[in-house]
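Report on the structure given below.
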Amino acid sequence: MNMARSRAFCLLALFEVALLVLSACGSAGAPPTAANQPSATGAASQAAATSAAVQATQGMTEASTSAAVQVTQGATEAATSTAVQATQGMTKVTTSAAAAGCNIKPPAQPQEVTFLGWPGWDVDTYAKWLDDCNSVNNIKVNVRTMDNSSAVEQMKLAFSSGSASPYAIVHQSNSSIQQNAYKGWLRPLNDLIDTYRSQYNLNDIAQTHWDAATFDGKILGIPMQSNTILLMYRSDLFEKHNLKAPTNYDEISTACKALKSEPGITVPFALDLSAGWAWATAFFEAIRSEGGDFFAQGGNAPAFNSPQGVAALTKLKQVVDACMGTQGLAMGYEQFQAALRNGSVAFIHTWADGGAAMVDPSKSQFPNVIKFAPAAAVEPGGKLAGSAWDDYWSIPASYKGDPDLVFQMIMQVASPERQKEAAKLGLVTRTSVASSSSLPYATAAVETISKGVGAYPKSPALNVMETALGNYLPLVGTGELSPKDALQKAEADYIKEAKTQGFLK
């Protein structure tokens, strides 16, 4: 009996090694394709490898059984039973739906699923779980990440080509989803959401998140993470100078005057004004805080060249002069987040998802003294000048693979169990998880979202407006244009281009 069992277990070990070797050979021999299309050669190699492994296993099983008969009939039966049960278990893990963390049925035909997005705690975390689906038979996952601007440009090139999309899943922000939605470049997901609503408990994702991804009744993205703007500050320095967390822009300027002379501080305060798009975002938050808006209600007519717009831009310029200067203007949010962590900046207006690194001793020199507060309002008593954002995973309309399979793969990543893990790093979209968050900045984030300026307005002309504003607002920061002149020029450019594209008559 012991000899038969020993032979059976040796047989299984040889089988497992054979599978690993054959799998490695098949992977090494599959050449990359130019457009990330499924490789028929790779699929054939995989099928051949599987067939060879099965034939080898069958041969070894027969040999083992024959040897076991020479011991005793009873031993043979026990060894055969043990080997069959173990082999069946191994086969199930290898060829069934059984990849750990990706509990979906394998497709009948090989499917290549390529994700395109930009780095961040969410993508860095979720993409690892998406990669788990590589263990499901007939699924090949590719994860492609690059900076935001490059990723958005790659999507534009792919979607506008008229060819099948090389990407099965594309990362979207509030801004990019609008650009793609109004051009018809994203697949509506209503049918899949209705089909799988109960299975994946999709009602656990708050309606406000779904609304932000809905255009003309079509849901175009799965909300994966939430984000907003916070103040992050060195509490030790604020206590030293008898300062409280600022609640408006005048208080920000006052704090900067006190902190400028602090040893080691090169820029007392920073918010992202490093590029045209960043100015447009900061201006949106400021004008909404002042009671104005980008667009006139119910249409695409511009409303930003207004007393509220001038006041908002004047306050932004005041903060630039009091706190940032040329050095601060050149810093993007990733740079000044790092500067807060290393001690060269005292406080910042930035994305909430940067908060986890602030209190991580492996990433921050001041994990015990960096604290969080809601975004400040422009004027006392106004709306908090922090916008609400979601990031989504969408399926391109031109994707020619199986959207049902891709949707299920996204759901594996966005499960309650996975979001509980993700919630240790950032704000997630499932209510059951977000409401019990232990993140140190969660309270401040919830306050910004509830008392802030909300999400970007939906308009097919938003990109035109952002471009016009981005061309002129940076010149206010450098002093080349006054707030009034910059808004007048941006308005003129916007109207001209919006008429050309048919957004205005």
Checklist line | Cα-derived Rg to Rh of the stretch 355-449, Kirkwood definition | finding: 1.08
Item checked: Alpha carbon convex hull of the stretch 257-404, projected area averaged over orientations, nm² -> 13.0 nm²
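Would you please classify the overall shape of the stretch 215-313 from the alpha carbon gyration tensor, given that a ≥ b ≥ c denote the square roots of the eigenvalues, rounded means a/c under 1.5, and beyond that prolate means a/b larger than b/c while oblate covers the rest?
Because a/c hits 1.5 or more and a/b exceeds b/c, the stretch 215-313 counts as prolate.
Using a 10 Å cut-off on Cβ atoms, rank the peptides 275-285, 323-333, 243-253 from the highest mean neighbour count down.
Result, highest mean first: 275-285, 243-253, 323-333.
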Checklist line | Cross-link table LYS257/LYS484; LYS363/LYS383; LYS156/LYS505; LYS458/LYS499; LYS183/LYS505; LYS315/LYS458, entries beyond 29 Å C-alpha to C-alpha | finding: LYS363/LYS383
Margin query: What is the distance in Å between the Cα centroid of the stretch 311-333 and that of the stretch 203-235?
Written below: 28 Å
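The numbers here are math on the coordinates, done by the rules we state, and not lab data. Note that the coordinates shown come from a computational prediction; the quantities given were computed from them, not determined experimentally. Because the Cβ atoms are built from the backbone with ideal geometry, glycine has one as well, and the counts that use them run over all protein chains shown.
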